[in-house]
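Chemist: What follows is a structure written as structure tokens; I'll ask about it next.
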Amino acid sequence: MRSFDVTKAWEILIPAGMPVAQKVGNDLSRCIALLRRQTGLAEQPCPVKNSDVSAPDDTVPVIVLNAEAGGRERNGFSWRVGKERIDLYGESDRGLSNAVFDFLGALGFRWPKPDEEILPESKGEYHIAEEYAYQPSGVDTVYRRLLFWGKDAPETWEKTIVWAARNRIDALVFSLRSQFMWDKLNAAKPEGFFFFLKKKKPVQPSPYRDKLLELAEGFALSIEMGGWDLSCLLPRTYYKSHKDFFRLNDGKRIQAHNFCPTNSDALVIIRQEAEKVFRAYPEIDVYHFWPDRGYETAWCSCPTCRAFNLEEQNRIALDTVADILHDIKPKARISCFEDSNGKKDIALRANLFIVDRLPGNSGAEASGWFLSETEA
């Protein structure tokens, strides 16, 4: 166990040319000032200095932030605490953000929800249980994601994004149903993606969009797209003229919730609509297309589909979407939800990866999935 002495005149050193280091360095400085005030000292923030320009005297205690120039999928980090020097290191700027907030968590800071900050209990000194922490970059199941889904109001997201960064979320995921995405998708064809939501007019671009993107970038949060959105790729407007596009249930074609994945004409439409999404958002590298929420296993029972189990039907649909994504953006990927080890004779495309827990479900947070509190 190490003690963190808030009475010392700590200086925070950050690497040049890394805006994220400045952002999280400022938050680290703010937190140390709060500890000083809680201890009865003046609420004095630590100076945050460019390590390439200003090298403090050897007698000055320092907190050194540093990171590799890796991609943000590398979210790993480490930190080490000494008496006069603390090193916080990330495998990328995303990893550095994780390092800073993991260290603050080890000190006892907590952010249980947006707008709530819990400081460590003070008895005149602060202890860290471990003097060293190391968490390397993980695989998709431990990459932490927060999904904004349903009726989230963009003006409520700013505090949530800050909360996400402090809780070591790595990526923000915006659903096709989210207002954050409506501007581009509705602009070209308002009767397409969201007709089934009964929107009579295209939703105007949110004035908060650029501000929120800038805030997310400041914390090195990646932006991803999707959720329970696979059926968005087959507009419900086709139901009157092409009932065979939709799933058969107890002898009746059902307009709501998923579709018939073996209908070749329906797959053509899905491919076309998916291409619109991918071309509208060329900056997105990770997408999530899952069956409708609460109906993840509600697929089709038509004679052709009965030859395939539920997981295989899902894979047929997703392989179609994955093929067009590969044509447009070969390095981008799509998540595929599967929670069964049953037989699957349909192979997954190389740009698909499996998730076995969905946000809001039991065990999802341990697998890295979180759901915004303002869901529909």
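Values quoted throughout were computed directly from the atomic coordinates according to the rules given, and no laboratory measurement underlies them. From a predicted model like this one, the values you see are computed outputs, not experimental measurements. Here the Cβ positions follow ideal geometry from the backbone for every residue, glycine too, while neighbour counts run over all protein chains shown.
Chemist: Going Cα to Cα from Lys331, which aspartates and glutamates come in below 16 Å? Please leave out same-chain ones fewer than 8 positions away.
Modeler: Correct list for Lys331: Glu73, Asp140, Glu224, Glu275, Glu283, Asp285, Asp319, Asp323.
Chemist: For the chain, modelled as a Gaussian network with Cα springs under 10 Å, which listed residue fluctuates most, Arg72, Arg293, Arg333?
Modeler: Arg293
Chemist: Follow-up question, since we're still on this one. The stretch 225-277: which trypsin sites (Lys or Arg not before Pro) are DSSP loop and have at most 10 other beta-carbon atoms within 10 angstrom?
Modeler: The qualifying sites are Lys240.
Chemist: Assign one of three labels to the stretch 2-135, namely rounded, prolate or oblate, based on the Cα gyration tensor with a ≥ b ≥ c the square roots of its eigenvalues; rounded applies when a/c is under 1.5, prolate when it is not and a/b is larger than b/c, and oblate otherwise.
Modeler: oblate
Chemist: Within the chain, what percent of beta bridges assigned by DSSP are antiparallel, to the nearest 5?
Modeler: Looking only at bridges with both residues in the chain, the antiparallel portion is about 35 percent.
Chemist: Given the pairs Lys240/Lys344; Lys23/Lys329; Lys23/Lys211; Lys252/Lys343; Lys23/Lys123, which are separated by over 22 angstrom at their Cα positions?
Modeler: Listed pairs above 22 Å: Lys240/Lys344; Lys23/Lys329; Lys252/Lys343; Lys23/Lys123.
Chemist: For every helix of n ≥ 4 consecutive DSSP H residues, a contribution of -39,500 (n - 2.57) applies; sum these over the chain, divide by its total residues, and give [θ] at 222 nm rounded to the nearest 500 deg cm²/dmol.
Modeler: Here the helix-only value at 222 nm equals -9000 deg cm²/dmol.
Chemist: State the antiparallel share, in %, of DSSP beta bridges confined to the stretch 2-135, rounding to the nearest 5.
Modeler: 50
Chemist: Students often get this wrong, so try it: which of (1) 43, 20, 17; (2) 35, 25, 20; (3) 46, 20, 18 is semi-axes √(5λ) of the Cα gyration tensor in Å as calculated from the structure shown?
Modeler: Computed from these coordinates, semi-axes √(5λ) of the Cα gyration tensor in Å corresponds to label (3).
Chemist: If you keep only loop residues by DSSP, which GluC sites (Glu not before Pro) in the stretch 249-313 have at most 16 other Cβ atoms within 10 Å of their Cβ?
Modeler: Filter output for the stretch 249-313: Glu283.
Chemist: Return a whole-number percent for the relative contact order of the chain, with Cα pairs under 8 Å and 6 or more residues apart as the contact set.
Modeler: So the answer I get is 14 percent.
Chemist: Mind checking which aspartates and glutamates have their Cα closer than 19 Å to the Cα of Lys49? Skip sequence neighbours fewer than 8 apart in that chain.
Modeler: Straight-line reach from Lys49, under 19 Å: Glu11, Asp27, Asp57, Asp58, Glu68, Glu84, Asp87, Asp93.
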